[in-house]
Amino acid sequence: MVLKFVREQSMSIESILNALCKLSTIHSIAALSKFLRLPLVINEYKIIKGKIDINEFREYTNHELMSFYMPISGNLLGSAFLIHSSDSAKKLCDLICQRDQHTTCFNEDDKSALSEVTNILVGNFLSCFSQTLQLNILIHHVAIFDRGEFGEILSRSLKIKRNKRKSIIFYMNYAYQDIKSSLFLSFDERQLNLALNEVSIGGYKEAI
Amino acid sequence: MQHSLNLTQLSEGFIELNPTPIIEVSKKNGLVYLNLAAKLKFPSISIEGMEHPLLSGLIKTLDEVEETLNKLVLYVRDIEFNNATYEQQVFTSHGSDSIYISISQNNKSNELVYKKVQSQHLAYVNKIRKLTNELKNYHHAFSKARNHHNLALKSANAGTWHWNLINDVVIWDGPMNELFGIDDKYYISNIKKTAQYIYKEDVFYVSKKILAILKSTDSFSFDCRILRKDGAIRLINLRGKAYFNESNEPISMSGISIDKTI
């Protein structure tokens with residue numbers, strides 16, 4: 001006779017998403033803090049379903065922005081992009097490259113430094129994400145540099161997106177003094193829901 | 001029903017039992033709380049307080065962060081203490097007096113492996129740099145020598161040639177190309193196409209000469225007329241030697257051509 005035990009508590013999809021967002025954000029910001037050797041403020045983290053409303057991000061309108069876009073592949077298809085205002089990106093480059101003088105224009109070293117920041121944030125976010133959802137593979141690819149206004153960057157990044165299915169977007173914003181940046185991670189909603197359903201059932205089965 | 005007790009799971013609800021050293025600090029009053037693991041691992045913290053190497057400079061660093069009420073501040077740093085490296089995760093928020101610190105030790109064996117790999121990597125990078133520099137120097141020296149070589153030949157209205165008899169490949173250098181009015185930097189072809197540059201009436205004579213040369217190890221020198229690509233006829237002197245293998249079969253010819261046209 002086989003006796004099955006199912007854990008009584010089960011988490012709703014919403015609460016898992018929120019917990020996942022918080023945990024992965026903390027994990028990625030912690031890694032960046034260690035890299036920069038600076039304390040970082042987590043201004044905001046949230047989940048956006050469907051489309052990104054440009055009006056919600058007024059701080060980025062009317063500014064020239066730098067962005068790094070990277071596709072994500074593996075058990076879950078998605079993409080990530082990190083945006084900084086031009087001024088913020090220059091100050092971040094000063095910090096990383098330990099320059100006394102202020103960066104005025106972006107050379108290959110600066111782009112490389114900012115690309116590394118993107119790698120650290122996205123890599124650590126995905127690492128925590130995949131471990132929590134027990135996904136075997138989540139790979140982020142080489143970052144593609146872009147420059148322009150928020151709306152332009154968004155539409156170009158969305159054009160690169162590999163399919164037109166609905167997405168769930170994880171958003172985080174961090175700052176150190178006047179250096180601020182935002183990270184958007186978008187995943188295919190259907191695939192993510194499948195993975196979340198597996199986790200939310202939870203429990204364990206024990207045979208006697 | 002029996003459940004196996006997992007100490008880590010159990011200790012999550014009880015900071016006192018957590019095997020990770022946990023410290024709580026007040027921004028105003030300094031050290032507030034140490035869990036059991038922290039007391040055992042770092043006994044001197046209780047005495048030294050905020051002057052302890054694990055805590056010194058922390059509040060000053062956190063004060064540099066811009067005030068944003070109720071926002072979580074996260075700071076991760078490596079601290080070296082007693083010949084070990086510890087990773088410190090610091091959590092606080094603006095508007096709150098408390099700073100929560102957890103400390104984990106970087107795995108020493110991993111660190112040693114990492115350092116070994118890192119130093120090997122560095123050694124390879126340095127080796128590659130050295131080889132690249134040497135290659136650059138050789139390339140520079142080769143370019144210089146080639147330029148001198150070409151200048152000397154041009155000054156003498158001469159060019160060099162080589163004919164590989166096994167593969168039937170004829171190679172001319174730059175000055176030789178100039179002699180024949182060819183624009184390319186190097187000429188690589190076979191003997192049949194090369195023979196087109198010999199003046200029609202001298203073809204039979206040159207063929208006889210070559211057949212004789214291929215039977216002798218002596219150097220040769222003879223004149224013949226050539227037809228340049230632009231249609232001009234020039235008189236050149238061909239000098240060189242044939243080379244043979246162990247079975248006395250000719251394998252190649254090399255030499256120079258000098259423009260004798262007045």
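For A:Ser28, the stated conditions hold: it is modelled with pLDDT of 85 or more and either over 17 Å from the mean Cα position of the chain (by Cα) or open to solvent by less than 70 Å² (accessible area, probe 1.4 Å) (or both).
Checking B:Leu72 against (1) within 14 Å of chain A (Cβ to nearest Cβ); (2) open to solvent by less than 20 Å² (accessible area, probe 1.4 Å), which test does it fail? Just one mismatch for B:Leu72, condition (2). Only one of B:Asn133, B:Asn106 is at pLDDT 65 or above and under 30 Å from B:Lys39 (Cα atoms). Can you tell me which? So the residue among B:Asn133, B:Asn106 that is at pLDDT 65 or above and under 30 Å from B:Lys39 (Cα atoms) is B:Asn106. Quickly run through the range B:41-62 and pick out the residues that are over 43 Å from the mean Cα position of the chain (by Cα), closer than 17 Å to B:Gln88 by Cβ and assigned to a helix (DSSP H, G or I). The answer is B:Lys41, B:Ile45, B:Glu48, B:Gly49, B:Met50, B:Glu51, B:Ile59.
Looking across the range B:131-155, the residues that are among the polar types (S, T, N, Q) and surrounded by 10 or more Cβ atoms within 10 Å (Cβ to Cβ) come down to B:Thr132, B:Asn133, B:Asn137, B:Ser143, B:Asn147, B:Asn150.
For the range A:31-46, taking the residues that are part of a helix (DSSP H, G or I) and more than 7 Å from every other protein chain (Cβ to nearest Cβ), the one that is most open to solvent (accessible area, probe 1.4 Å) is identified as A:Phe35. If you go through the range B:217-262 and keep only what is part of a strand (DSSP E or B), within 18 Å of B:Lys154 (Cβ to Cβ) and of a type in the set (S, T, N, Q), you end up with B:Asn237, B:Ser257. Take the range B:221-258 and flag every residue that is open to solvent by less than 40 Å² (accessible area, probe 1.4 Å) and among the hydroxyl-bearing types (Ser, Thr, Tyr). B:Ser252, B:Ser254, B:Ser257 - these are the residues of the range B:221-258 that are open to solvent by less than 40 Å² (accessible area, probe 1.4 Å) and among the hydroxyl-bearing types (Ser, Thr, Tyr).
The values are calculated or read from the model by the stated rules, or taken from the named source; none is laboratory data. Fair warning: this is a prediction, and the values are worked out from it, not measured in the lab. In this analysis, Cβ positions are derived from the backbone assuming ideal geometry, glycine residues included, and neighbour counts consider all displayed protein chains. These accessible areas exclude ligands, DNA and RNA; they are computed on the full protein's heavy atoms, side chains included. Shrake-Rupley method; radii C 1.70, N 1.55, O 1.52, S 1.80 Å.
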